[in-house]
Structure formats: structure tokens, C-alpha cells
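Report on the following structure.
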Amino acid sequence: MERFVPKFQGADWPDGGARALHVYAVPDLTAHPDLARLVGECHEAMAGFPITPMTGTLHCTIEMIADTTSDKITDTEREVLVDALHRHLADVGPLQVTVGSPVANKAGGYLDLHPDGELVTLRQRVREAISEVRGPGALVHTGGRPHISLGYAYDTASSDALQTALRRISPSHAPLRIAGVELLDVLWRQQPRPGGGTAWELSWEPVATIPLPGSTNTAASQDA
């Protein structure tokens, strides 16, 4: 693995307080004890590696609003975006996915999410809402396959050694129900690490919660 540097508009994230709006699925570990156990064991396995674990900021990135930094998006513009997200997700029901197995990569470690189909549909609906309000230029990053990041590397180390440690975890999967997404004002900032280095750390401020209510027919079938 190698030192992780977040990206914005295809370049390294500007340090010093730059923020960007993101749509995340944020798992509630209290409601998902099996996932909480899996994340905890993964973080224990990562403890000997130069990785900053995601604890209170565990998430699955759905999309970034990348046409400009969030300080240039007014409250009114945010309200319009939230309304569009509500409309485009109005008939999307809660998603049930499997989290795991844990995977080591060059950025640190993550948990795979599957099946992909409904997650990809969710991302596409979110992208349509963003494009409607901000234009296609707001969609810069592809996002890759759906996943939950476990932590980000702040120095070089062996990804193979981390993968060996992660493979010892059993069971290596947990269920997750995604019943909504969060619009968040996200900040990446460098923080000092022992030995004189720095690591990029994530924080956010909540903007809005958008539920995934599903259609009336879907809700009725679930209640039956």
C-alpha cells in the first residue's frame, strides 16, 4: 500500500479547509451488530499497519458534487439539490446488501458490498438528481464498485501482509440494510502522525437525510 491522498476534480485535495458535498450511505453499527463486529475485527487486524481507521466516519460513497467546493453552494442551492434527491429516490426502496469480505489495496483496506445491482441503480438515481440541478459537470468521479472504506494508509506497507491478516477474520461477511442516504459537507484535512508524517483524515457536517421509502406497492408487499 502507499500513502492515500484524496482527490477533487482530478487533482490532489486542496489542504487547508476545502470542503465538498457528498452523498453517502452511512451504516448504523448499533442496528447492525454483526457489521460492528466485522469492522472491529478488521480494525484490530489493521492496527500494526500505517492506516488511519474509519471509526465515526464509516461510509459508502454514493457520489460527490464536484463542480465546486461546498462553500460556493448557497443554502438555496442546497435546498434545490435536496428536493431533487427526494424526487429521484422517491420510488427506491431500502436495500439489503452483504458486506465483506475485507480487502487490502494500495489505499488501505475496504469492505466489498454485493450484490451490485440495486446499489448501482441507487448511484444512478443520485447522479441524475445532481446532474438535473448542477449540470453534468458536477459528476467528475466514477466511484468504482460499491464498498465501505475501513481506513486509509499514511505510509507505505505490504498490502499482501494486510490481506493475510484480514483473511483470518471469520465470519468475513455481515448483512446491511440501507434505508436512506446522507447529503454531507465533507472535509479532508492533513493531521500529524508519529515520526513527523501526516495523514489525511475525513470529517463532515450533515446537510440532509434522504430516506429510501420505496413505492406504495413495494411498501404494501413488505407489510403483507
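When the test is whether a residue is more than 18 Å from residue 166 (Cα to Cα) and surrounded by 16 or more Cβ atoms within 10 Å (Cβ to Cβ), residue 22 passes it. A single entry from 104, 129 fulfils the requirement of being farther than 24 Å from residue 34 by Cα, touching a helix residue (DSSP H, G or I) at 6+ places or on another chain (Cβ under 9 Å), surrounded by 15 or more Cβ atoms within 10 Å (Cβ to Cβ) and small (Gly, Ala, Ser): 129.
Matching residues to (1) at pLDDT below 95; (2) outside any helix (DSSP H, G or I); (3) among the hydroxyl-bearing types (Ser, Thr, Tyr); (4) closer than 23 Å to residue 99 by Cα:
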| position | (1), (2), (3), (4) |
| --- | --- |
| 176 | no, yes, no, yes |
| 181 | no, yes, no, yes |
| 186 | no, yes, no, no |
| 191 | yes, yes, no, no |
| 196 | yes, yes, no, no |
| 208 | no, yes, no, no |
| 213 | yes, yes, no, yes |
| 217 | yes, no, no, no |
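You will find that of 145, 127, the residue that is part of a loop (DSSP other than H, G, I, E, B), in contact (Cβ under 8 Å) with a residue 24 or more places away in the chain and under 16 Å from the mean Cα position of the chain (by Cα) is 145 and no other. Summed over region 132-142, residues that are assigned to a helix (DSSP H, G or I) and surrounded by fewer than 12 Cβ atoms within 10 Å (Cβ to Cβ) total 2. The single condition among (1) closer than 19 Å to residue 70 by Cα; (2) in contact with a Gly (Cβ under 8 Å, 6 or more places away or on another chain) that residue 151 does not satisfy is (1).
Of the strands (runs of 3 or more DSSP E) lying entirely inside region 1-65, those containing at least 1 residues that are touching a residue at least 24 places away in the same chain (Cβ under 8 Å), out of contact with any His (no Cβ under 6 Å at 6 or more places or on another chain) and more than 20 Å from residue 148 (Cβ to Cβ) are 19-25. Scoring residue 76 on the criteria (1) among the β-branched types (Val, Ile, Thr); (2) in a helix (DSSP H, G or I); (3) within 21 Å of residue 199 (Cβ to Cβ) leaves a single failure, condition (3).
The values are calculated or read from the model by the stated rules, or taken from the named source; none is laboratory data. None of these values were measured; they are calculated from a predicted model. FYI the Cβ positions are ideal-geometry reconstructions off the backbone, even for glycines, and counts take in every protein chain you see.
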